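Visitor: Sending over a structure as structure tokens; questions will come in a sec.
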Amino acid sequence: MRRPARLAVVTAATTTAVGLAVPAAFSAPATGTPAGTPTVDPMQHIAALQQIADDNGGNRAALSPGSRATAAYIKQQLSDAGWEVSTQSFPFLSGTEENIFAERKGTTGDVVMLGGHYDSVPEGPGMSDNATGVAGLLAAAAATADAQPRNTIRLAFWGGEERGMKGSNYYVDTMSAADRATFKGYLNFDGIAAPNPGYYVYEDNKNGEQINADISKWYADRGIQTEQAFLGVQSDHGPFYTKGLTTTGIISGYLGNKTEAQAQKWGGTAGAPFDPCYHQACDTKDNISPETLKLNTQLITSLITDYGAKDFSAA
């Protein structure tokens with residue numbers, strides 16, 4: 001998540017309450033094991049990405065050895081899961097960086113994208129921001145490795161986000177007319193398991209309202225009330241948003257403090273930051289909520305399955 005120009009980027013305008021309040025001591029709702037539940041614990045990916053940062057000067061920033069090692073790890077995990085992996089190089093400062101893509105090809109020609117950035121800030125290892133998104137996507141990719149979707153599912157791992165969404169901007173700027181014609185939406189996962197978590201769905205893009213509603217219902221079915229967040233262009237959905245393309249996403253909170261009302265419905269600590277180590281050296285593997293990461297990995301898995309099967313011609 002790129003640091004915003006002002007503090008009040010995330011707004012907590014509560015939506016209509018649905019479902020049951022989450023207990024004060026949060027744990028993922030016991031709703032049974034849904035189809036497609038990840039078989040790989042996303043915390044295994046968190047541990048691996050922390051080790052990469054530890055081995056490479058304490059960060060995974062763009063153009064650094066940590067970024068290169070992270071990219072290699074992502075490509076290996078996706079390849080091992082049987083996804084078709086490709087890369088896109090783009091100019092970055094005095095060098096080049098790369099976006100990483102993984103696809104499951106469908107039969108309709110329609111494309112749904114899910115993604116998140118893989119770089120950290122130079123100040124720290126970037127576990128909450130955004131190893132959580134990477135870990136969730138990788139675990140969901142493994143869980144859907146045998147899927148034969150109706151629509152093409154494309155997973156995107158963006159480079160250079162912390163310096164202005166460089167990778168996602170390059171991708172959107174180079175989309176062809178044919179790409180745009182088949183594009184059905186981009187879902188962004190950036191900072192999805194803060195240590196004092198909330199459950200926000202982006203409200204930025206009116207074209208994404210149906211996806212927003214689907215995500216909110218998924219949480220509601222598990223007894224979790226969501227709130228709306230306006231992030232402007234501060235993450236990799238931004239380039240899609242500014243071009244009028246359908247986009248949305250989730251975030252667990254990164255700036256500001258959790259209110260008393262939010263603590264009552266989400267658990268956690270009122271008056272404390274959602275993420276006390278945002279963009280700092282202390283953003284380590286101890287700075288995330290494993291329960292929230294596992295829950296949001298289930299969400300990503302469900303979205304891959306559901307949007308892979310969706311009949312967009314009937315929409």
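Visitor: What about Gly253, is it outside any helix (DSSP H, G or I), touching a residue at least 40 places away in the same chain (Cβ under 8 Å), touching a Lys or Arg at 6+ places or on another chain (Cβ under 6 Å) and crowded, with 17+ Cβ neighbours inside 10 Å?
Guide: No: the conditions fail for Gly253.
Visitor: (1) of a type outside the set (Phe, Trp, Tyr); (2) more than 29 Å from Ile52 (Cα to Cα); (3) surrounded by 18 or more Cβ atoms within 10 Å (Cβ to Cβ): which one isn't true of Ala193, the others all being true?
Guide: Failing condition for Ala193: (2).
Visitor: Just need a number here: residues in the range 108-125 that are crowded, with 24+ Cβ neighbours inside 10 Å and farther than 19 Å from Ile304 by Cβ.
Guide: So the count comes out to 3.
Visitor: Sticking with this one: Say we look at the range 203-241 and pick out the residues that are assigned to a helix (DSSP H, G or I) and more than 21 Å from Lys184 (Cα to Cα); which of these is nearest to the chain's Cα centre (by Cα)? Give the steps one after another, and end with the answer.
Guide: At the first step, the residues of the range 203-241 found to be assigned to a helix (DSSP H, G or I) are 206-220, 238-241.
Those left that are additionally more than 21 Å from Lys184 (Cα to Cα): 219-220.
Values: Tyr219: 16, Ala220: 19 Å.
Among those that are assigned to a helix (DSSP H, G or I) and more than 21 Å from Lys184 (Cα to Cα), it is Tyr219.
Visitor: Ok, one more. When the residues of the range 54-97 are filtered to those that are surrounded by fewer than 18 Cβ atoms within 10 Å (Cβ to Cβ), polar (S, T, N, Q) and out of contact with any Asp or Glu (no Cβ under 9 Å at 6 or more places or on another chain), which remaining residue is modelled with the lowest pLDDT?
Guide: Going through the qualifying residues, I end up with Ser94.
Visitor: Hey, could you check the range 222-235 for residues that are modelled with pLDDT of 90 or more and in contact with a Pro (Cβ under 9 Å, 6 or more places away or on another chain) and say which is farthest from Ala261 (Cα to Cα)?
Guide: Going through the qualifying residues, I end up with Arg222.
Visitor: Is one or more of the residues making up the range 126-134 surrounded by fewer than 22 Cβ atoms within 10 Å (Cβ to Cβ), of a type in the set (Gly, Ala, Ser) and at pLDDT 95 or above?
Guide: no
Visitor: Under the condition of being in contact with a Phe, Trp or Tyr (Cβ under 8 Å, 6 or more places away or on another chain) and either farther than 15 Å from Ile224 by Cβ or of a type in the set (Val, Ile, Thr) (or both), which residue from the range 287-302 is surrounded by the most Cβ atoms within 10 Å (Cβ to Cβ)? So that I can check it myself, show each step before the final result.
Guide: First, the residues of the range 287-302 that are in contact with a Phe, Trp or Tyr (Cβ under 8 Å, 6 or more places away or on another chain): 289, 291-292, 296, 299-300, 302.
This time we only want the ones that are either farther than 15 Å from Ile224 by Cβ or of a type in the set (Val, Ile, Thr) (or both), so: 292, 300.
Values: Thr292: 26, Ile300: 28.
Ranking the qualifying residues of the range 287-302, first place goes to Ile300.
Visitor: Regarding Thr247, is this residue of a type in the set (S, T, N, Q) and within 18 Å of Ala193 (Cβ to Cβ)?
Guide: Values: of a type in the set (S, T, N, Q): yes; within 18 Å of Ala193 (Cβ to Cβ): no.
No; evaluated as a whole, the condition is false for this residue.
Visitor: Using the structure shown, decide if Ala140 is closer than 15 Å to Thr70 by Cα, aliphatic (A, V, I, L, M) and touching a Pro at 6+ places or on another chain (Cβ under 8 Å). Write out each step before concluding.
Guide: Details: closer than 15 Å to Thr70 by Cα: no; aliphatic (A, V, I, L, M): yes; touching a Pro at 6+ places or on another chain (Cβ under 8 Å): yes.
When the stated conditions are applied, Ala140 does not pass them.
Visitor: If you take the residues in the range 138-155 that are in contact with a strand residue (DSSP E or B) (Cβ under 6 Å, 6 or more places away or on another chain) and surrounded by fewer than 24 Cβ atoms within 10 Å (Cβ to Cβ), which one is modelled with the lowest pLDDT?
Guide: For the range 138-155, the residue satisfying everything is Ala147.
Visitor: What are the pairs, 6+ residues apart or on separate chains, where a residue within the range 32-53 that is over 19 Å from Ala193 (Cα atoms) and at pLDDT 95 or above has its Cβ under 7 Å from a residue that is of a type in the set (Gly, Ala, Ser) and part of a helix (DSSP H, G or I)?
Guide: Within 7 Å, the pairs are Ile52/Gly66; Ile52/Ala69.
Visitor: Moving to a separate point now. Can you tell me how many residues in the range 83-117 are within 30 Å of Ala314 (Cα to Cα) and in contact (Cβ under 8 Å) with a residue 60 or more places away in the chain?
Guide: Of the residues in that region, 12 qualify.
Visitor: Let me ask something else. Those residues that are more than 16 Å from Tyr307 (Cα to Cα) and either out of contact with any helix residue (DSSP H, G or I) (no Cβ under 7 Å at 6 or more places or on another chain) or among the basic types (Lys, Arg) (or both), I need them from the range 204-231; list them, please. Steps first, please.
Guide: If we filter the range 204-231 for residues that are more than 16 Å from Tyr307 (Cα to Cα), which is where we start, we get 204-206, 219-231.
Passing the criteria: Lys206, Tyr219, Ala220, Asp221, Arg222, Gly223, Ile224, Glu227, Gln228, Ala229, Phe230, Leu231.
The values are calculated or read from the model by the stated rules, or taken from the named source; none is laboratory data. If you're wondering where the values come from, they're calculated on a predicted model, not measured in any experiment. Cβ coordinates were reconstructed from backbone atoms using ideal geometry, including for glycine residues, and neighbour counts include every protein chain displayed.
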